[in-house]
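Read the structure below first, then the notes.
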Amino acid sequence: MVDLQYFFVIILVCLGITVLIQAITNRLRNRLPLPPSPTALPIIGHIHLLGPIAHQALHKLSIRYGPLMYLFIGSIPNLIVSSAEMANEILKSNELNFLNRPTMQNVDYLTYGSADFFSAPYGLHWKFMKRICMVELFSSRALDSFVSVRSEELKKLLIRVLKKAEAEESVNLGEQLKELTSNIITRMMFRKMQSDSDGGEKSEEVIKMVVELNELAGFFNVSETFWFLKRLDLQGLKKRLKNARDKYDVIIERIMEEHESSKKKATGERNMLDVLLDIYEDKNAEMKLTRENIKAFIMRVVEESDLCNLSYTQAVVKETMRLHPGGPIFVRESDEECAVAGFRIPAKTRVIVNVWAIGRDSNQWEDPLEFRPERFEGSEWKVMSEKMMSFGAGRRSCPGEKMVFRFVPIILAAIIQCFELKVKGSVDMDEGTGSSLPRATPLVCVPVAKEATQSFSLLEPNVNF
């Protein structure tokens, strides 16, 4: 009798194991596959395939493996998106699962634990900061209020170029435009610092510091890429990050204290920093801001890649941004496992949207490598603009798009109206390395003032652009 009981127990155990194995097998068989992936090497994954200019290398890989690829950069899984269709599938159809950006050690430390608007987790704080940004910086009312600032800074640029033309000297046009956009954003944030006795120095100090911080934020961190090196600082990066943030702290604290002690807040011209400080001081504010929130917000707003960004002139600007976007890639992260285009995307996968590749996708653009501004004219210009993805898509798209397309065409038109730009030989269009897609060779040219420019003085205050 006992032997018979043991026999039945063994039979039941065997049946249970069989059912379990069958269930696991069926689940694995029915599980969606990962997106296509090249052969990875042990430890380094696919790093060897990236090359010095990552977005170009990823574009070449996408031609072979398709618009969705699964790559390992060290031990970090990445989904590479290289078409507007797949980007919309992720950023719009599955938007709620891809609203967050991955936490990167460099950025997290520099922004006081992701306290800024750019990298903060999606939630109440992020929504509150975006609303402030849209209302105080990029709304139609705010942009209208800064017309005089943009006009004054554009005049200063034209005067600098005119002086070079009169002296028959060359000018680095890229540096001049960088100074122009930096000055405009600095004045929008900090009031008319240039009109103070040491204002110009303050402005330049802030810009230089932010450029250094952005370079460190984009620095390749070996310790973060390989899990077994996480506790080591092989590049001495932590010390560099601390020194840079400490210097930034001193500069911004000084500016914030000056604003707090100034009586202009109550009676005179207000700016973005005044608004942030008002919220910081208001005990009944909807969302409490810390000084670190304010510093981190300023750090991300004063960034060239965020500013990169007349009918035909507007089309020229859009076509330029299609081929050479200010930010060639942007990054998100999946919160949970999901399915995209029949592929399984695991949770906590970094999503790299290759904007540069999307702008050159032959399935979306006729003759994609040809510079043809006419694509953005006529009734289809809105549809074509949405295909570019230059400013991202969905709720976390770049809020500065309205400012870019409102002001950049004016800069271009003013320069074309006033000067002929002569270069020696041909213009080198090769791209350099960097997160904001710099030129490999600076655009240095000799400006020649047109007759119309010579007939009036740019120094006169009533000259408007």
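I'd like to know how the stretch 377-446 sits against the 2.2 N^0.38 Å rule of thumb: what's its Cα Rg over that expected value?
With N residues counted in the stretch 377-446, Rg over 2.2 N^0.38 Å equals 1.44.
Sort 84-92, 338-346, 146-154 by the packing proxy (mean of other Cβ within 10 Å over each peptide's residues), most packed first.
Top of the packing list down: 84-92, 146-154, 338-346.
Fewest Cβ neighbours within 10 Å first, please rank 248, 280 accordingly.
So the residues, fewest neighbours to most, are 280, 248.
How would you rank 64-72, 169-177, highest first, on the average number of other Cβ atoms within 10 Å across their residues?
Ranked by mean Cβ neighbours within 10 Å, highest first: 64-72, 169-177.
Exceeding 18 Å between C-alpha atoms, which entries from my cross-link table qualify? They are 238/348; 130/295; 163/208; 127/288; 318/424.
Beyond 18 Å between Cα atoms: 238/348; 163/208; 318/424.
Please order 103, 349 by the number of other Cβ within 10 Å, starting at the fewest.
103, 349
Normalise the Debye intensity by I(0) for the stretch 210-251, one equal point scatterer per Cα, no solvent, then take log10 at q = 0.18 Å⁻¹ and round to two decimals.
-0.54
So what's Rg/Rh here for the stretch 47-454, counting alpha carbon atoms and using the Kirkwood radius for Rh?
So for the stretch 47-454, dividing Rg by the Kirkwood Rh gives 0.96.
Read-outs: derived from the displayed coordinates by stated rules, not from any lab. Values in this document were obtained by computation on a predicted structure and should not be read as measured data. Virtual Cβ from ideal backbone geometry, glycine too; neighbours counted across all protein chains shown.
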